[in-house]
Amino acid sequence: QIQLAESGGALVQTGASLSLSCVLSSGTFSSFNMAWFRQAPGKGREFVTAISRYSAYPEYADSVKGRFTVFRDNEMSTVYLHMNSLKPEDTATYSCAADSGPFTTNIGAMDYWGKGTLVTVSS
């Protein structure tokens with residue numbers, strides 16, 4: 001059974017850095033494009049970043065471009081999200097997702113989801 005498990009969420013101060021990890025259990029990790037989404041309290045889930053199977057096409061939401069970096073280690077079946085210069089508006093539950101189809105940032109195209117990890121940025 002394919003499962004995704006995120007880790008690394010924490011309470012940090014404005015301007016801090018934080019790294020999240022997401023591990024895929026079972027399945028062939030390199031067969032999936034991977035993405036991160038986030039959901040702030042009281043808001044809908046929004047796209048953060050996505051990375052293709054062999055890291056060729058990272059995409060970022062405008063709100064995180066230049067501050068967040070996504071990368072993956074196919075041998076470790078893990079995708080990472082490194083976040084710099086965190087702002088209070090980055091506070092959200094961050095979830096990773098796996099997509100077995102063509103590379104996309106479309107939330108509706110994701111096949112598997114993790115349960116999420118909470119990032120709280122204090123002002």
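With semi-axes defined as the square roots of five times the eigenvalues of the C-alpha gyration tensor, the equivalent ellipsoid of the range 1-59 measures 23, 14, 13 Å, largest first. The residues of the chain present an accessible area of 50 Å² per residue when probed at 1.4 Å with all protein chains retained.
In whole percent, how big is the carbon plus sulfur part of the accessible area of the chain, probe 1.4 Å, protein atoms only?
Solvent-exposed carbon and sulfur of the chain make up 50 percent of the total.
How much FRET efficiency would the formula 1/(1 + (r/R0)^6) give for Ala16 and Gln39, where r is the Cβ-Cβ distance and R0 is 30 Å, rounded to 0.05? For Ala16 and Gln39, the calculated efficiency is 0.90. Taking 7 Å steps out from each Cα toward its Cβ at Asp111 and Glu89 produces label points 3.5 nm apart. Mean separation of Cα pairs under 8 Å and 6 or more residues apart, divided by the residue count, gives the chain a relative contact order of 36 percent.
The values are calculated or read from the model by the stated rules, or taken from the named source; none is laboratory data. In this text, all values refer to a predicted model and were calculated from it rather than measured experimentally. For neighbour counting, all protein chains shown are included, and Cβ atoms are generated from backbone atoms with ideal geometry for every residue, glycine included. Heads up: the accessible areas ignore ligands, DNA and RNA and are worked out on the full protein's heavy atoms, side chains in. Shrake-Rupley method; radii C 1.70, N 1.55, O 1.52, S 1.80 Å.
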